[in-house]
Amino acid sequence: MTAVYQGACHCGFVTFEVCTEIDHVRVCNCSICTTRGTLNFRVTPEQIEIHTPLNQLRLYQWGSMTAKDYFCPHCGILPFRKPSQPTEKERAAGIQPFEGWAINVRCIQGIDIERLPVVQINGAAL
Ligand SMILES: [Zn+2]
């Protein structure tokens with residue numbers, strides 16, 4: 001069921017809300033997701049409202065430099081990120097760019113993470 005979920009980093013400097021149905025979490029095996037341990041869920045730009053200006057957050061980029069990982073500058077938590085864009089080869093194979101956000105479901109308040117089905121993403125192969 002679609003609902004409005006409130007999200008925040010650990011210290012509360014970064015807040016956001018999403019209006020969607022969080023019915024699963026994505027666990028990716030790429031190097032950054034493995035070390036970070038986030039549980040991701042993708043939302044469209046229309047489904048998320050970020051309350052903290054992005055220029056007040058820290059940004060981490062690596063590899064193809066197309067993903068944008070935003071961190072709270074105070075507590076270091078990543079509440080959301082912009083996923084990477086498909087490579088030319090992937091675009092040629094028909095993979096469409098995703099313009100939305102991946103939120104860290106661990107930052108969503110009052111959600112029972114243990115009950116959400118886990119979808120494995122083979123990001124290491126990308
Ligand atoms: Zn924080």
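The values are calculated or read from the model by the stated rules, or taken from the named source; none is laboratory data. In this text the structure is predicted, and so the values were computed from the model without any measurement. No Cβ is skipped: glycine too gets one built from the backbone with ideal geometry, and neighbour counts run over all protein chains shown. Each accessible area value is taken on the protein alone, full model and side chains, heavy atoms only, with ligands, DNA and RNA left out. Shrake-Rupley method; radii C 1.70, N 1.55, O 1.52, S 1.80 Å.
Quick notes on this structure:
- Selected residue (criterion: most open to solvent (accessible area, probe 1.4 Å)) from residues of region 1-24 that are among the hydrophobic types (A, V, I, L, M, F, W, C) and part of a strand (DSSP E or B): 4
- Flag if residue 63 is of a type outside the set (Val, Ile, Thr), open to solvent by 40 Å² or more (accessible area, probe 1.4 Å) and either within 16 Å of the ligand (Cβ to nearest atom) or without any contact (Cβ under 8 Å) to a residue 24 or more places away in the chain (or both): yes
- Looking only at region 25-39, residues that are open to solvent by less than 50 Å² (accessible area, probe 1.4 Å) and either acidic (Asp, Glu) or in contact with a Phe, Trp or Tyr (Cβ under 9 Å, 6 or more places away or on another chain) (or both) come to 2 in all.
- Test: residue in region 66-73 that is surrounded by fewer than 17 Cβ atoms within 10 Å (Cβ to Cβ) and small (Gly, Ala, Ser): no
- Test for residue 6: is it more than 16 Å from the ligand (Cβ to nearest atom) and polar (S, T, N, Q): no
- Residue in region 78-93 that is within 25 Å of residue 3 (Cα to Cα) and touching a helix residue (DSSP H, G or I) at 6+ places or on another chain (Cβ under 7 Å) present: yes
- Every pair of residues 6+ apart whose Cβ atoms lie under 9 Å, when the first sits in region 67-83 and is under 14 Å from residue 106 (Cα atoms) and aliphatic (A, V, I, L, M) while the second is within 11 Å of the ligand (Cβ to nearest atom) and in a loop (DSSP other than H, G, I, E, B): 77/9; 77/10; 77/11; 77/14; 78/9; 78/72
- Qualifying residue in region 79-102 (condition: among the hydroxyl-bearing types (Ser, Thr, Tyr), within 16 Å of the ligand (Cβ to nearest atom) and surrounded by 13 or more Cβ atoms within 10 Å (Cβ to Cβ)): no
- Residue 11 being within 16 Å of the ligand (Cβ to nearest atom) and out of contact with any strand residue (DSSP E or B) (no Cβ under 8 Å at 6 or more places or on another chain): yes
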